[in-house]
């Protein structure tokens, strides 16, 4: 059996600051473990940008475990032919169980797969509120069913489509969750105003110049009236959601009286009229 390859995902350059180095960092930084046969894919993504900065500050800690390090044959095999025949290969249970049992990763341990619970913003919030979680990335045709039945705590899916492996899905889940960890985002309110944070799509954004090719920034955003801007943004979120994702409005129980009043107040300022296709 190979040795553990639990590798803090620091990438090149300085080592991340620890919580002891900076007492202002959240003591309950998020621990994430990823089980994969392509650890370099995880390293390359999580060492950069938002996730890289969060790790250097000790707000999150991402460790990868190479499943091939837990095999016991010279070829480091992690797959075999399926019982009963059929196309493709199946990931064997031995290295997966061995890796998890040797490393005692943070729970819940979630397997990436198309049959799992659909991942959404509410699930990201659930994970961000905990102390950590782990992700198992599959490859080939499938993972031996005994892993799902006897080892993992659940299965999660990005949607009704199939990828070559779970790494891309795992990275999406890590980033979506990390953004909700206190201190990770530069502006603490940013995550609260984004699409799906309150069951609505986000309002449209504008920056300079105020006029571009004849298209002007809405007057309300240049008015300096912060209360009116806030109402406009809420109305835009409602209008955009009605146009693009009416199912989200239904999930909220429909429009409230206050919602209808906002829509009426900004009747002529919608980016998308309810019922019209998005541009």
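Taking 0.36 nm per residue of separation and subtracting the current Cα-Cα distance, fully stretching the chain between residue 172 and residue 207 would add 9.9 nm. Using a simple spin-label model with pseudo-atoms 7 Å out from Cα toward Cβ, residue 215 and residue 101 lie 5.9 nm apart. Between the beta carbons of residue 56 and residue 265, assuming R0 = 30 Å, the FRET efficiency works out to 0.10 to the nearest 0.05.
Between residue 227 and residue 122, the contour length at 0.36 nm per residue exceeds the Cα-Cα span by 35.0 nm.
If you wrap the Cα atoms of the range 7-178 in a convex hull and average its projected area over all directions, you get 10.6 nm². Using the average count of surrounding beta-carbon atoms within 10 Å as a protection proxy, the listed peptides 141-148, 212-219 rank, highest first, as 141-148, 212-219. Expressed in Å, the radius of gyration and Dmax of the Cα atoms of the range 70-155 are 14.3, 44.
Here the label points at residue 129 and residue 89, each 7 Å from Cα along the C-beta direction, are separated by 4.2 nm in the simple model.
Stokes-Einstein diffusion of the range 195-265 at 37 °C, 0.692 mPa s viscosity, Kirkwood radius from Cα pairs, rounded to a whole number: 249 µm²/s.
Ranked by the mean number of other Cβ atoms within 10 Å of their residues, highest first, the peptides 73-86, 253-266, 102-115 fall in the order 102-115, 253-266, 73-86. The simple Förster model, with R0 at 51 Å and r as the Cβ-Cβ distance, assigns residue 256 and residue 76 a FRET efficiency of 0.30. Compared with the direct C-alpha span, the chain from residue 248 to residue 164 gains 27.3 nm at full extension, assuming 0.36 nm per residue.
Bear in mind that the values in this text are calculations on the coordinates, not laboratory data. Bear in mind the structure is a predicted one, so any value in this text is a computation, not a measurement. Note: ideal-geometry Cβ built from the backbone for every residue, glycine included; neighbour counts use all protein chains shown.
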